[in-house]
Amino acid sequence: MNDELTMHHVPNLGLLLCAILSLSYCDSSVKEDIRNLGHKRVGVRLHAIESLSRNRDPRSIEALNNALNDPATRVRLKAIDVLAAIGDPSSVEPILTKIDDPERIVGLTAIEALGELRDTRAVESLSNLITRPDPNVRVTAITALGEIGSNKCTEIILGCLKDSDKYIRSAAILALSNIGDPRAINPLTEALSREVENDALSSLIVYALEKLDPDWVERESTDRAISNMISDFIDKKLTETKRRGIAATFGRINRHWKDEDWARKLKGEFLDRLNDKNPLVRESAAEGLGEFGDKSLFSHLYRALVNEPDWNVRCDLSHALGEIGDARAVKLLCRMLDDSIPRVRYSAAVALGKIGDTTAVIALTTALTDVKVPDGGPSVDIVIENPLDVFIAIARALGEIQDTRSADALKELLGSRSDLVRRAATAALGKIGDRVAVNTLVAALNDPSLDVRREAATALSKIGDKRAVQAMLEAVKSKRLHVRDVSRSLDMLDRDWRRIESTRLLVGEILRDFRHLDLETRMRAAEDLGEIADNRSTDVLMQELRNRNLPVVAGAHRFFLGQETTGYESVLIDALTFYGDTNMAERFLKSRNARLVRAARDWARRRNLTLFSWPIKENLIQ
């Protein structure tokens with residue numbers, strides 16, 4: 001019987017012994033790491049913090065809290081990051097003491113960490129920071145309050161919606177959308193009427209309102225905001241930019257706003273003003289009517305344009321007719337292509353492009369060749385008689401009309417000495433989609449301008465002729481383009497382009513010289529390999545990641561962000577630190593990897609920049 005017990009229990013005793021030894025080792029390791037926090041070498045102290053971050057022993061937390069007072073900035077920053085990631089409530093008070101650290105970067109990192117900890121004990125201290133003169137401190141504090149999300153945070157942040165700094169207002173809108181407090185709905189609706197000239201902020205407010213209340217449009221506060229915007233919309237002195245911004249905001253509130261009773265009254269008001277003696281009043285009326293795009297307005301606008309003596313008003317009437325899109329305006333607009341004032345010709349061309357009627361093609365192509373120019377096509381030499389923006393407008397209009405009869409005239413424009421004219425003509429040829437233009441566009445892959453070369457690749461992909469694949473790869477091989485410039489176009493032409501022989505040869509050529517290239521060229525080559533991402537490219541890049549080749553990692557960072565690189569975050573962060581730029585930081589911010597997100601914010605803070613993770617398409621503040 002005793003033998004039987006022994007046989008059953010020996011394995012359990014072994015497991016128990018292993019557990020005791022493991023605990024003993026862990027205890028010893030923690031004690032050593034804590035001792036190393038006092039080591040004279042910064043690198044040793046940083047390693048100790050990293051080691052302590054991997055366990056949740058209360059002694060580790062206490063030691064890390066004490067490390068916040070380390071004399072080295074790097075150590076204090078590391079300690080804050082680790083404590084924020086651990087998320088222990090006992091770290092809140094110690095981190096609060098660091099918001100006024102002598103090193104600005106430490107203070108900003110502490111503020112961000114308090115947001116990650118989401119503890120209401122930090123609210124009062126963070127609210128006091130909103131009045132600081134440093135905009136980065138204010139933005140970071142507002143963002144942190146939004147993450148904490150208490151009712152008191154809402155009250156504090158609402159006051160920032162009227163701040164003079166658009167970045168502060170943006171941070172406040174995002175924070176309120178995160179908190180989800182319905183008390184923010186009315187103030188946000190009021191803010192909507194103030195932000196009509198900024199598409200990004202206006203869209204961000206609508207995003208926040210929809211998140212707070214899907215039925216916000218039905219609220220009384222929305223009716224008041226609309227009333228305020230209507231009053232501005234009919235203001236005779238309103239700028240064109242603001243009037244268009246208001247119309248765009250109407251559309252964000254209600255896609256069918258033009259059918260509302262108040263919208264019909266607005267149309268009547270503007271129609272009456274078309275006959276005003278003051279040209280500025282007529283101009284604002286034409287601008288306003290153009291925002292409706294209503295075919296019932298055609299006859300009114302047409303008659304007004306025929307009889308209008310003021311060229312500024314004629315431009316706005318042309319725009320309005322273009323928005324309506326009625327082909328009956330084509331003949332009149334074609335005659336305006338001969339107007340003595342370049343801006344009128346420009347407006348007529350834009351309107352004809354919006355209408356898109358093929359009967360305008362002859363007039364538009366004739367307008368391109370009316371002015372005598374030296375051999376080689378239109379050039380900067382003709383700027384006095386026909387400014388470049390008129391040529392660009394005509395080229396774009398021909399692209400919108402998409403009639404193959406205009407291809408020859410557009411090819412001639414590729415001889416212009418203006419990069420902008422050549423680019424517009426290239427884009428137009430792509431929209432027309434005539435295979436006859438393929439050879440011309442392939443030649444444009446050698447254009448002196450990188451923008452024109454990129455546009456040529458895009459145009460070729462729209463035409464869809466697979467012959468362009470080899471031409472694009474040749475342009476990459478000869479360094480006229482990079483793979484990133486053409487990868488989307490190549491995907492449209494041939495989904496298997498990465499597997500063809502030409503691509504394999506290209507990869508071989510890149511790899512042959514890879515280690516002997518100068519820094520900038522090697523980073524570009526790494527980016528190309530990341531875009532191709534075939535087996536050979538992937539193997540080489542992953543090996544460079546393991547070898548901590550920071551320039552290569554920075555160059556191919558988009559590739560690495562799409563791979564499973566858990567455990568290599570420190571390499572990516574170092575690559576950002578030493579070789580990164582704003583684009584790289586913004587991609588880190590969108591990566592959903594907490595360490596990379598913190599690194600991106602840290603990178604931006606050190607350069608006095610503000611990064612936002614936008615939840616909407618309009619991701620740039622204007």
Open item on the list: I'd like to know if the stretch 131-146 contains one or more residues that are under 30 Å from D57 (Cβ atoms) and part of a helix (DSSP H, G or I).
Closed with: yes
Being exposed (fewer than 14 other Cβ atoms within 10 Å of the Cβ) and in a helix (DSSP H, G or I) narrows E544, E520, E564, E531 down to just E520
Condition set over 19 Å from S203 (Cβ atoms) and of a type in the set (K, R), scope the stretch 220-254, selection modelled with the lowest pLDDT: answer is K236
By residue number, the members of the stretch 60-84 that are farther than 16 Å from D33 by Cβ, touching an Asp or Glu at 6+ places or on another chain (Cβ under 9 Å) and among the small types (G, A, S) are A84
Over the stretch 427-475, the set of residues open to solvent by 20 Å² or more (accessible area, probe 1.4 Å), part of a loop (DSSP other than H, G, I, E, B) and not charged (D, E, K, R) is G433, N446, P448, G464
Subset of the stretch 547-561, residues under 10 Å from G530 (Cβ atoms), open to solvent by 20 Å² or more (accessible area, probe 1.4 Å) and aliphatic (A, V, I, L, M), comes to L561
Among (1) free of Cβ contacts under 8 Å to residues at least 40 places away in the same chain; (2) touching a Lys or Arg at 6+ places or on another chain (Cβ under 9 Å); (3) open to solvent by 40 Å² or more (accessible area, probe 1.4 Å); (4) outside any helix (DSSP H, G or I), L611 falls short only on (3)
Quick count over the stretch 418-464, residues being more than 24 Å from I362 (Cα to Cα) and touching a Pro at 6+ places or on another chain (Cβ under 9 Å), is 1
For the stretch 407-426, the count of residues that are over 19 Å from A457 (Cβ atoms) and hydrophobic (A, V, I, L, M, F, W, C) equals 1
The one condition I401 fails out of (1) within 30 Å of L541 (Cα to Cα); (2) modelled with pLDDT of 95 or more; (3) crowded, with 18+ Cβ neighbours inside 10 Å; (4) not aromatic (F, W, Y) is (1)
Among (1) out of contact with any Lys or Arg (no Cβ under 7 Å at 6 or more places or on another chain); (2) part of a helix (DSSP H, G or I), V507 falls short only on (1)
Handout entry: Some residue of the stretch 107-120 being open to solvent by less than 60 Å² (accessible area, probe 1.4 Å), in contact (Cβ under 8 Å) with a residue 40 or more places away in the chain, in a helix (DSSP H, G or I) and not β-branched (V, I, T)
Key = yes
Exercise. What about R512, is it more than 28 Å from the chain's Cα centre (by Cα), open to solvent by 20 Å² or more (accessible area, probe 1.4 Å) and free of Cβ contacts under 8 Å to residues at least 12 places away in the same chain?
Worked result: yes
Of the listed residues (R587, R606, R601, R595), the one being in contact (Cβ under 8 Å) with a residue 60 or more places away in the chain, within 25 Å of L519 (Cβ to Cβ) and open to solvent by 40 Å² or more (accessible area, probe 1.4 Å) is R606
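Matching residues to (1) within 21 Å of K237 (Cα to Cα); (2) without any contact (Cβ under 8 Å) to a residue 40 or more places away in the chain; (3) part of a helix (DSSP H, G or I):
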site: F292; (1), (2), (3): yes, yes, no
site: L297; (1), (2), (3): no, yes, yes
site: R303; (1), (2), (3): no, yes, yes
site: N312; (1), (2), (3): yes, yes, yes
site: L317; (1), (2), (3): yes, yes, yes
site: C334; (1), (2), (3): no, yes, yes
Scan the stretch 188-195 and tell me whether some residue there is open to solvent by less than 20 Å² (accessible area, probe 1.4 Å), within 18 Å of I226 (Cα to Cα) and outside any helix (DSSP H, G or I). yes
Only unsatisfied item for V139, checking (1) touching a Ser or Thr at 6+ places or on another chain (Cβ under 6 Å); (2) open to solvent by 60 Å² or more (accessible area, probe 1.4 Å); (3) under 30 Å from S221 (Cβ atoms), is (2)
Does the stretch 219-235 contain any residue that is touching an Asp or Glu at 6+ places or on another chain (Cβ under 7 Å) and not in a helix (DSSP H, G or I)? yes
Cβ pairs under 6 Å, 6+ apart or interchain, first in the stretch 176-189 and on the phi < 0 side of the Ramachandran plot and free of Cβ contacts under 8 Å to residues at least 40 places away in the same chain, second in a helix (DSSP H, G or I) and open to solvent by 40 Å² or more (accessible area, probe 1.4 Å), ordered by first then second residue, are P187/L158
Checked the stretch 37-92 for anything open to solvent by 30 Å² or more (accessible area, probe 1.4 Å), closer than 23 Å to N593 by Cβ and assigned to a helix (DSSP H, G or I); matches are L46, H47, E50, R74, K78, D81, A85
If we ask which residues in the stretch 341-378 are at pLDDT below 85 and assigned to a loop (DSSP other than H, G, I, E, B), their number turns out to be 9
Taking the stretch 142-170 and the residues there that are within 28 Å of S90 (Cβ to Cβ) and hydroxyl-bearing (S, T, Y), the one that is least open to solvent (accessible area, probe 1.4 Å) would be T154
Scanning the stretch 302-325 residue by residue, those open to solvent by 20 Å² or more (accessible area, probe 1.4 Å) and under 23 Å from T366 (Cβ atoms) turn out to be Y302, V306, W311, R314, H319, G325
Picked from the stretch 201-251 (must be among the basic types (K, R) and open to solvent by 60 Å² or more (accessible area, probe 1.4 Å)), the residue farthest from G290 (Cα to Cα) is K211
Among residues of the stretch 379-398 being β-branched (V, I, T) and modelled with pLDDT under 55, the residue least open to solvent (accessible area, probe 1.4 Å) is I382
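The values are calculated or read from the model by the stated rules, or taken from the named source; none is laboratory data. Note that this is a predicted model, so its numbers are computed, not measured. Methodologically, a virtual Cβ is constructed for each residue, glycine included, from the backbone with ideal geometry; neighbour enumeration extends over all protein chains shown. Please note that ligands, DNA and RNA were not included when accessible areas were found on the heavy atoms of the full protein model with its side chains. Shrake-Rupley method; radii C 1.70, N 1.55, O 1.52, S 1.80 Å.
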